[in-house]
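To keep things clear, I will list the structure first and then write my remarks on it.
The values are calculated or read from the model by the stated rules, or taken from the named source; none is laboratory data. Since the structure is predicted, the reported quantities are computational estimates derived from the model, not experimental observations. Note that each Cβ is placed from the backbone with ideal geometry, even for glycine, and that neighbours are counted across all protein chains shown.
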Amino acid sequence: MADQLITGTTLIEDKRVGADNGTYTPTFTIVTNLDSVIGDPAMFYRVGDIITVTGNFTVDATANANVRFRMSLPISTSFSNTFELSGLTATQADSVKANRVIADTTNNEADFLLVNTGTGPDSKTFILTYRVI
């Protein structure tokens, strides 16, 4: 049903140019203060050259400090600036913590910057958007 949408109870044809969607299993690379990052398969949606990715992951921090890791993307691109990918993460417990996702211009991946996660497992949800260049 990649070429159709269901709105309410009505099935309509998806006429957007270049629309695509699917799932993929991201690869995570630890950068700072983590013992592990484990992720579920992520979902992505593409319309033209814009990609939106959503998913879940669990980090296990080595210390009560800010952490950083990278995540592979479902459709490759070449970033020149960190603002070419934008996203955030959240958990129900993190109502006041800002967790940022930007473009990693060296590795062309998503760069997750998490504020003081504490030690032990911490599960989060993310959403990010980028443009295929």
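General remarks:
- Subset of region 108-124 (residues that are surrounded by 14 or more Cβ atoms within 10 Å (Cβ to Cβ), at negative phi and assigned to a loop (DSSP other than H, G, I, E, B)): Val115, Thr117
- If you go through region 55-72 and keep only what is under 15 Å from Ile38 (Cβ atoms), in a strand (DSSP E or B) and out of contact with any Lys or Arg (no Cβ under 9 Å at 6 or more places or on another chain), you end up with Gly55, Asp60, Ala61, Val67, Phe69, Arg70, Met71.
- Selection count, region 48-90, where residues are aliphatic (A, V, I, L, M) and more than 11 Å from the chain's Cα centre (by Cα): 8
- Within the option set Val53, Val67, being surrounded by 14 or more Cβ atoms within 10 Å (Cβ to Cβ) and in contact with a Pro (Cβ under 8 Å, 6 or more places away or on another chain) holds for one residue only, Val53.
- Among the candidates Ile38, Ile127, Ile102, residue that is modelled with pLDDT of 90 or more, part of a strand (DSSP E or B) and under 20 Å from Ala19 (Cα atoms): Ile127
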